[in-house]
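All remarks here apply to the structure that follows.
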Amino acid sequence: MPTPIRGEKAPDFEAPDQNGRTRRLGEFRGRNVVLFFYLKDGTPGCTKEACGFRDHVTELRKTNTVVLGVSADTVESHKKFVGNHNLTFDLLSDPQQRLINAYGVAKGPGAARTTFVIDAKGKIARVYPEVDPGDHAVEVLGDLQAPLHAR
């Protein structure tokens, strides 16, 4: 599927988090959602990106935002990744790549590093393709602190 673009309705999803709890986009209606796709738990770039969001999650929450990471890794792998790095947000497991394909970010056996900001009404507000994992969380935070549809 093609990557959704700004202004389009975000593709709905249903996927288990690191604790096996099924999460759905609809449960976050009324809040912004940072949905970041990454290749694999524990790789250097993906760890750097996830830890960046961890380090800024309190500030992100002040913008009425929830952070969710997505990869094709298993629930068990996510649980270990969360524990190893004290991540304070949920990771969604997508081994069949349903969510990855719905957002058009499939790359080989996983997902291309891409982030979507979904606004409180469920529409794509921003798309960040091929992000730099080192400063990406700060970039997203800065954009969320400004009006979402201003850019």
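Every read-out reported here was derived from the displayed coordinates using simple, explicitly stated rules and does not represent laboratory data. Keep in mind the model is a prediction, meaning the values are calculated, not measured. So basically every Cβ, Gly included, is an ideal-geometry build from the backbone, and we count neighbours across all protein chains shown.
Pairs under 8 Å by beta carbon, first residue touching a residue at least 60 places away in the same chain (Cβ under 8 Å) and among the small types (G, A, S) in segment 11-28, partner crowded, with 19+ Cβ neighbours inside 10 Å and assigned to a loop (DSSP other than H, G, I, E, B), six or more apart or different chains?
A15/D94
Go through (1) more than 28 Å from A146 (Cα to Cα); (2) basic (K, R); (3) under 13 Å from the mean Cα position of the chain (by Cα) and name the single condition K107 misses.
All conditions pass for K107, except number (3).
Looking only at segment 75-105, which residues are over 21 Å from R24 (Cβ atoms) and either surrounded by 19 or more Cβ atoms within 10 Å (Cβ to Cβ) or free of Cβ contacts under 8 Å to residues at least 24 places away in the same chain (or both)?
Residues satisfying the conditions are E76, F81, G83.
Among (1) without any contact (Cβ under 8 Å) to a residue 40 or more places away in the chain; (2) under 24 Å from K121 (Cβ atoms); (3) surrounded by fewer than 21 Cβ atoms within 10 Å (Cβ to Cβ), which single condition is V67 missing?
Unmet for V67, out of (1) without any contact (Cβ under 8 Å) to a residue 40 or more places away in the chain; (2) under 24 Å from K121 (Cβ atoms); (3) surrounded by fewer than 21 Cβ atoms within 10 Å (Cβ to Cβ): (3).
For segment 1-101, give me every one of the strands (runs of 3 or more DSSP E) that falls completely inside it and has 1 or more residues that are of a type in the set (D, E) and more than 18 Å from E130 (Cα to Cα).
14-16, 90-93
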